[in-house]
Amino acid sequence: MMVVLVVEDEAIIAYCSVAILEDAGFAVLGPAHTSSEALELARGKRPDVALVDIDLEVPGAGLAVARELRTKFNTAIVFTTGRMDQAQAHSDIAAAALSKPYDPSELPGVVRAAAAGRRLPTSVSRSTTSSRSTASRPAVFTGLPAHHTSRA
């Protein structure tokens, strides 16, 4: 079973993500609300994929967590953020990014794609920018580095 770590300091987003992923059949660690919690959970059971909020405790704190998860545990990273400029600037760390607000139903597919090492379609989803359903347009960018190897 694929293990997914949820690293998010916004409680509603964190617990919604956990519920969606568990319902989709993933083993979920967390949610971790701080950098130290995230790394402690990862030491206990190495996650295959981590959803990481870039602005965890302070702006940019999630970047260091993501880099450490990727380096130490070979975890595929999916940024969850309202700061897509930061996600794209650090796409060497992440397999993908979800732009907040995003449709939680997208999580299982994005997690599976990140674990499999597939490149995801380039798109930024903002529910405020379009009247179309978010389900019809993924909120991800291509960011999988060529040297990333999947453990899936």
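The values are calculated or read from the model by the stated rules, or taken from the named source; none is laboratory data. Everything numeric here is computed off the predicted structure, so don't read it as measured data. Heads up, the Cβs are rebuilt from the backbone with ideal geometry, glycines too, and the neighbour counts pull from every protein chain shown.
Looking at residue 44 and the list (1) in contact (Cβ under 8 Å) with a residue 24 or more places away in the chain; (2) farther than 18 Å from residue 95 by Cα; (3) not charged (D, E, K, R), which single condition is not satisfied?
Only one criterion in (1) in contact (Cβ under 8 Å) with a residue 24 or more places away in the chain; (2) farther than 18 Å from residue 95 by Cα; (3) not charged (D, E, K, R) is unmet by residue 44, namely (1).
If only one of 87, 27, 11 is in contact with a strand residue (DSSP E or B) (Cβ under 9 Å, 6 or more places away or on another chain), free of Cβ contacts under 8 Å to residues at least 60 places away in the same chain and under 14 Å from residue 111 (Cβ atoms), which one is it? Don't jump to the end; show me each part of the working.
Values: 87 fails: under 14 Å from residue 111 (Cβ atoms); 11 fails: under 14 Å from residue 111 (Cβ atoms).
Just one listed residue meets the conditions, 27.
Quick check on this structure: which one of 103, 92, 55 is farther than 16 Å from residue 13 by Cβ and either surrounded by fewer than 24 Cβ atoms within 10 Å (Cβ to Cβ) or not basic (Lys, Arg) (or both)? Walk me through it before giving the result.
Working: 103 fails: farther than 16 Å from residue 13 by Cβ; 55 fails: farther than 16 Å from residue 13 by Cβ.
Exactly one residue qualifies, and that residue is 92.
Out of all the residues in the stretch 3-32, which are part of a loop (DSSP other than H, G, I, E, B), crowded, with 16+ Cβ neighbours inside 10 Å and modelled with pLDDT of 95 or more?
The answer is 8, 24, 26.
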